[in-house]
1. Hey, in the GNM for chain A with a 10 angstrom Cα cutoff, which one of A:ARG166, A:ARG48, A:ARG75 fluctuates hardest?
2. For region B:162-194, list residues with backbone N below 14 Å from a point placed 7 Å from the Cα of B:THR235 toward its Cβ?
3. Report the FRET efficiency, 1/(1 + (r/R0)^6), for A:ALA329 and B:ASP226, where r is their Cβ-Cβ distance and R0 is 35 Å, rounded to 0.05.
4. At 1.4 Å probe radius, can you tell me the per residue accessible area of region A:36-100 in Å²?
5. Go ahead and set up a Gaussian network model of chain A, Cα springs under 10 Å, then flag whichever of A:GLY290, A:GLY264, A:GLY142 fluctuates most.
6. Shielding by partners for B:162-174, please: the mean number of other protein chain Cβ atoms within 10 Å of each residue's Cβ.
7. Can you give the calculated 222 nm mean residue ellipticity of the protein assembly as shown, where each DSSP H run of n ≥ 4 adds -39,500 (n - 2.57) and the sum is split over every residue, rounded to the nearest 500 deg cm²/dmol?
8. Given a Förster distance of 41 Å, report the FRET efficiency between B:ARG218 and B:GLU93 from their Cβ-Cβ distance, rounded to the nearest 0.05.
Amino acid sequence: MESTTPTGAPAVDPAHDASSDAASAEFDAVIAADGRIEPRDAMPDAYRKTLVRQMSQHANSEIIGMQPEGNWITRAPSLMRKAILMAKVQDEAGHGLYLYSAAETLGTSRAEMTDALLAGTARYSSIFNYPTPTWADMGAIGWLVDGAAIVNQVPLCRCSYGPYARAMVRICKEESFHQRQGFEILLTLSRGTAAQHEMAQDAVNRWYAPSLMMFGPPDADSSHSAQSMAWKIKRFSNDELRQRFVDMLVPQAEALGLTLPDEGLRWNEQRGHYDYGELDWAEFKAVLRGEGQCNAQRLTHRRRAHEDGAWVRAAASAYAAKQAAKDDARQEVSAA
Amino acid sequence: MTEQAVTQQAANGPATGTTSSPSSAVDRRDIAEYALRLGDDALVLAQRMGEWVSHAPELEEDVALTNIGLDLLGQARALLGYAGSLTGRTEDELAYFRSDLEFRCAHLMCLPRGDFAATIGRMLVVAAYQWELYERLSESADETLAGIAKKAVKEVAYHLEHARMWTLRLGDGTDESHRRIQVAIDDLWPLVDELFRTDDLEQRLATAGIAVDSSALRGPFDAVIDPILAEATLTRPDVPAAAGGGRHGRPSEHLGHLLAEMQVLARQFPGASW
Ligand SMILES: [Fe+2]
Ligand SMILES: [Fe+2]
């Protein structure tokens, strides 16, 4: 309940932005010493804005990300898989909650972040605009999407902003469960009937390139990266993280008995890394622009859930207000 | 259930309770049938809770409803696993390859999820019923049933508290929420009576100290529910009880639709493992 949940968000004290020289020097010193910035510390406005943008986008992704997997909860093919999938989607809701709380420490309320998401002015990870037509997509999302999320997020555990770094430590533990579960779904399918194997391969074919693009545009075209690296919000470049991910996938795909759909994929002895093929950045941009298969569907779903729940939230507020009034009345009586 | 526990249970197969040795005078098929009734209630309701995921009125409630769904699914797996161990079937064979005529759940569990008020109203009634049931079943002479009930009673105590709090908020919240929760209670009330009907099979097992006599639970149930309805400023409906029949192969019309969705993939690939 936005109105009743204690969020622990402290009000932002305007004196605490790093506008004065002394405050700004202190901020720089903490960053230089690899220390942690905490909510009440002075920080440049742009640092605060960058973090709110990144953290709310991250939280939004967790919440929108519940939809493609929620799509299979009622149809999971065994009770064990149903339980694992429900627990996973529940974890993602929990991640959204931690991240909204962590972002609130920067002075933006969850209600504001929710409104921005619903209005379409705040982003969420574009990966969730792809559909989940088959059960194997539950495996491919776990293996590739949660896998890419881990590679992205492990360095964030050392992010300069304390609340974000701490949220990431907790979240990364759960994400690695998710990745193993996804791997296991694919392994079972790959070793199952011919039709199951084909279903697994088809899902990997569809999710491989989009998961590589989760790391963002190539370093040469990335607008936010340099400043975020200087602030130690980001520790590695998009291309470095993508390379780390590809190097991790290749042996795992072999273990799965599945093929990664990339003709450019080969070991490069000189670099000590796998080379990989060109990614279709035009498609990435098209999905970002709203031309993916599910962009409109995902937002409409979220808006509808929010609107359908409005009367419930109103009831909880009204009830809380009535209870508070009763408590006040009782105190007056006992004081009299 | 933790991920580890889920996987562990899967590896071990259903909870078979090897130490359990019901008295030889008791027909194992009776126990299997009884476990199916309770297990099907939990499974169908878990499926309804699963329908809520990503649709809840707020994120905290998405987490809570999924939690309750997971508890119910865990109960269902334990109970179906036990029923299956007595009749040579797996939990998944029972869940995915029986028709609606072979399910044994009460009609109340099958009602469509409806709005949030309908979900809370049903949760209140079911949790109050299951709490009384599992509290007593945890003393069962059948060790497996007793073990399942001991775990379940703690879980449904939380479900009941969650439903109670929301019933108060909705009943004594706004005019709109009051109207909706009253409609929800009115709509489900004809199906409440079925939960408290007993039959020969249950009586045979109750006599052996294995099952709980459902008809004995109505008084304690009313004693829990009536004060909650009163505090929530809701009226207890006075309506005829529906005929029911869910425990005896006369399923709710809604069940076939629920199973069509739940079973579709498993039935598309019979014999496959997942
Ligand atoms: Fe997550
Ligand atoms: Fe995840």
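The values are calculated or read from the model by the stated rules, or taken from the named source; none is laboratory data. Note that the structure is predicted; figures quoted are calculated from it, not measured. Neighbour counts are summed over all protein chains in view; Cβ atoms, including those assigned to glycine, are modelled from backbone coordinates with ideal geometry. In case anyone asks, the SASA skips ligands and DNA or RNA and just uses the protein heavy atoms, side chains included. Shrake-Rupley method; radii C 1.70, N 1.55, O 1.52, S 1.80 Å.
1. Most flexible of the set in this elastic network: A:ARG75.
2. In region B:162-194, the label zone of B:THR235 (backbone N under 14 Å from the point 7 Å along Cα→Cβ) covers B:179-187.
3. 0.85
4. Heavy-atom SASA per residue in region A:36-100 reads 25 Å².
5. A:GLY264
6. 4
7. Value at 222 nm, helices only: -20500 deg cm²/dmol.
8. 0.75
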